[in-house]
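The values are calculated or read from the model by the stated rules, or taken from the named source; none is laboratory data. Given the structure is predicted, the values throughout are model-derived calculations rather than measurements. Every residue, glycine as well, gets a Cβ built from its backbone with ideal geometry; the counts of neighbours run over all protein chains shown. Ligands, DNA and RNA are stripped out before the accessible areas are found, and what is left, the full protein with its side chains, is counted by its heavy atoms. Shrake-Rupley method; radii C 1.70, N 1.55, O 1.52, S 1.80 Å.
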Amino acid sequence: MPGLPRLRAALAPYRRRLFAAALIAAIAVNVFQFRAIDRERYYEFRAVGTYPTDDLARITFGNGGWHRQRYGLYQGLGTLAPGATVYIPTPGPYDAERQVADETASRLRVFGRVGRLVWVAAPTAAAGPGFDPTPYVVATGVGGARGAPWALAVDPARPRPKGPADPNFYLRPLVTSEGPRTSGADRAFALIRWPQAREGEEYDYQELLVETTLLPPAVRDELTR
């Protein structure tokens, strides 16, 4: 290509200007793309942005619907009662398959920050809580592709952080994975599949963590004997 050397020679005096123009064009394209990306529905996909906290648990809980479906119930326990004992009555849905049992135990230990996990033969408790825990539910979560709806019922006699009155939003400003792994109080919960549908959901049950002090005496004795 005999014309190529001539073209290079002709453009040589303008090489820096051409490079600067290409660089400016690239920056302009990226700025335009950033603006488009920043209009994303999901905050975590935006090109530029900061969170008001560096607590990873609070960031993921507040911004990830799938995360709340999978881990929200356990994060709620780890926030309100770290170090608690959790009883899982059997036979039930949590020990029906080895993988489900292992995942449940891992979530309780990692996100729920439990002090002790006990699998106990308790058919009556496994069938349901034996009472309506609704008046004691402080936090709830919707269900979806990554998990069933859930509810966390706490004894009102036990102290807990003040938060929004709506249980759907109670944990948003509170949830954390930081701080001590024990609350310094002897607390126990039962993980039970509550056969009560959440309004507007396709599931006919909710995953329930309920403080054992709220359970009917016969159910509580069956779990803790």
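For segment 151-213, what does the relative contact order come out to in percent, with C-alpha contacts under 8 Å and a separation of six or more? Intermediate results must be reported in sequence, preceding the final value.
On the way: 64 pairs, mean separation 24.1, N = 63.
Averaging sequence separation for qualifying contacts and normalising by length gives 38 percent for segment 151-213.
For the chain, give the percent of accessible area contributed by carbon and sulfur heavy atoms, probe 1.4 Å, rounded to a whole number. Working shown, then result.
Values: 7540 of 13320 Å².
Carbon and sulfur: 57 percent of the exposed surface of the chain.
At 1.4 Å probe size, with every protein chain present, just tell me what the per residue accessible area of the chain comes to in Å². Don't skip to the end; give the middle numbers.
Values: 13320 Å² over 225 residues.
Per residue, the chain has an accessible area of 59 Å².
Under the definition of Cα pairs under 8 Å and six or more residues apart, what whole-number percent is the relative contact order of the chain?
On the way: 355 pairs, mean separation 50.5, N = 225.
Relative contact order here is 22 percent.
Check every DSSP H run in the chain and write down those whose alpha carbon atoms cover 15 angstrom or more along the long axis and whose mean Kyte-Doolittle hydropathy is 1.6 or greater. Can you show the working numbers first?
Working: long enough: 15-37 (33 Å, 1.11); 65-80 (21 Å, -0.85); 98-110 (18 Å, -0.75).
For the chain, where a helix must reach 15 Å along its axis and average at least 1.6, there are no hits.
Using the crude model of +1 on Lys and Arg Cβ and -1 on Asp and Glu Cβ, and no other charge, please compute the dipole size for the chain relative to its Cα centre, in debye to 20. Intermediate results must be reported in sequence, preceding the final value.
Working: 28 positive and 22 negative charges, 353 e Å.
Approximately 1700 debye in magnitude.
What's the local net charge at Thr182, with K and R +1, D and E -1, over the other residues with C-beta under 12 Å away?
Charge balance near Thr182 sits at +3.
Between the DSSP loop rule and a limit of at most 15 other Cβ atoms within 10 Å, which GluC sites (Glu not before Pro) in segment 138-208 are left?
Details: sites: Glu178, Glu199, Glu201, Glu202, Glu207; in loops: Glu178, Glu199, Glu201, Glu202.
For GluC sites (Glu not before Pro) across segment 138-208 that sit outside H, G, I, E and B with at most 15 neighbouring Cβ atoms in 10 Å, the list reads Glu178, Glu199, Glu201, Glu202.
Could you sort the peptides 19-26, 132-139 by per-residue average Cβ neighbour count (10 Å cutoff), highest mean leading?
Numbers: 19-26: 10.1, 132-139: 17.2.
Packing order, densest peptide first, comes out as 132-139, 19-26.
What's the magnitude of the charge dipole for segment 133-209 around its Cα centre, counting Lys and Arg as +1 and Asp and Glu as -1 at the beta-carbon? Answer in Debye, nearest 20. Before the final figure, lay out the partial values.
Details: 9 positive and 9 negative charges, 69 e Å.
Dipole size: approximately 340 debye.
Between segment 55-77 and segment 86-115, how far is it from one alpha carbon centroid to the other, in angstrom?
17
With a/c under 1.5 counting as rounded, go ahead and sort segment 132-225 into rounded, prolate or oblate using the C-alpha gyration tensor (a ≥ b ≥ c being the square roots of the eigenvalues; past the cut-off, prolate if a/b is larger than b/c, else oblate). Before the final figure, lay out each step's value.
Working: a/c = 1.77, a/b = 1.09, b/c = 1.62.
Oblate, since a/c reaches 1.5 and b/c is not below a/b.
Skipping prolines and chain starts, which residues have an amide H placed within reach, meaning under 5 Å, of the one on Thr90, given they are 5 or more residues away or on another chain?
Val120, Ala121, Ala122
Of Val137, Tyr94, Pro5, which is farthest towards the positive pole of the chain's charge dipole, taken about the Cα centre with +1 and -1 on the beta-carbons of Lys, Arg and Asp, Glu respectively?
Comparing the listed Cα positions along the dipole, Pro5 ranks first.
Using a 1.4 Å probe and ignoring any ligands, DNA or RNA, find the accessible area of Tyr205 and quote it in Å² to the nearest 10.
50
DSSP beta bridges in the chain, what fraction antiparallel, as a percent rounded to 5? All intermediate terms of the calculation are to be shown ahead of the outcome.
Values: 11 of 24 bridges.
Counting DSSP beta bridges with both partners in the chain, the antiparallel share is about 45 percent.
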